[in-house]
Amino acid sequence: MGLHHFLLILHLLGAAVWVGGHLVLAIGILPEVLRKHDVAGLLNFERKYEPIGMPALIVQVITGVWMALQFGIGPNRWFHFADPLERAVSAKLLLLLITVGFALSARFFVIPKLRPQTLPLMAFHVISVTTLGVLMLIVGSLFRLGGMG
Ligand code: HEM
């Protein structure tokens, strides 16, 4: 097995944990939490998911940047949109930066003082991060097609 294939397998595992975990939260858990104002239910999920979710995101960044380097897209070509691979890598990095912004906001501002009145704000964070994760999966699937556009 080559290095790129090994990185891709790790990247797909990380994607399964990050996107799968957030889809379960957003579709399977959040509706009932909002209906019942069940702050404890949401915090319980977060407590169980965070120790595997955050390492999965770190795996995505390390393996993603490494695979991008193998495609010849290094930091000097990040946020350049001149060719399909540059566009795909830059789109991933932009989605990642927005995701990190939401994750930090949830972790340090929303969750510490989560109460029934602020559950809709937390729901907005969950749905946004889930949508960003699905978009990163879709952009990721474009690499095998040569990149974006
Ligand atoms: C939560 C974050 C992420 C998710 C869910 C995700 C998901 C995916 C998926 C599903 C693929 C398709 C693999 C395939 O075609 O079999 C992929 C490919 C790829 N991703 Fe990500 N990704 C994430 C973050 C990143 C980041 C931050 C980068 C850095 C630039 C990145 C760079 C790549 C590259 C270069 C490929 C192409 C690999 C190949 O086809 O050989 N990804 N990603």
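Starting from the stretch 30-93, pick out the chymotrypsin sites (Phe, Trp or Tyr not before Pro) whose DSSP state is loop and whose Cβ has at most 13 other Cβ atoms within 10 Å. If you can, show how the numbers build up before the last one.
Numbers: sites: F45, Y49, W66, F71, W78, F79, F81; in loops: F71, W78, F79, F81.
Here the sparse-neighbourhood loop sites are F79.
Close amide H pairs (under 5 Å, H built 1.01 Å from N) link M148 with L85, R87, A88, residues at least 5 positions away or on another chain.
Counting pairs of alpha carbon atoms under 8 Å apart in space and at least six apart in sequence, what relative contact order in percent does the stretch 3-145 give? Don't jump to the answer; show the numbers that get you there.
Numbers: 111 pairs, mean separation 45.5, N = 143.
For the stretch 3-145, the relative contact order is 32 percent.
What does the charge count near H22 come to, summing +1 for each Lys or Arg and -1 for each Asp or Glu among other residues with Cβ under 15 Å from its Cβ? Surrounding charge for H22 is 0. Computed from point charges on the beta carbon alone (+1 for Lys and Arg, -1 for Asp and Glu), the dipole magnitude for the stretch 3-145 about its Cα centre is near 220 Debye. Three semi-axes describe the equivalent ellipsoid of the chain; taken as square roots of 5 times the Cα gyration tensor eigenvalues and ordered largest first, they are 32, 15, 13 Å. Residue ranking by accessible heavy-atom surface, 1.4 Å probe, largest first, among V139, V134 comes out as V134, V139.
I'd like to verify something in the chain: which complete DSSP H helices, judged by Cα projection on the helix axis, reach 20 Å or more and average at least 1.6 on the Kyte-Doolittle scale? Those that pass (Cα extent of 20 Å or more, hydropathy at least 1.6) are 119-142.
The values are calculated or read from the model by the stated rules, or taken from the named source; none is laboratory data. No experiment lies behind these values; they were computed from the predicted model shown. Cβ coordinates were reconstructed from backbone atoms using ideal geometry, including for glycine residues, and neighbour counts include every protein chain displayed. Remember, those area values only see protein heavy atoms, side chains included, never the ligands or the DNA or RNA. Shrake-Rupley method; radii C 1.70, N 1.55, O 1.52, S 1.80 Å.
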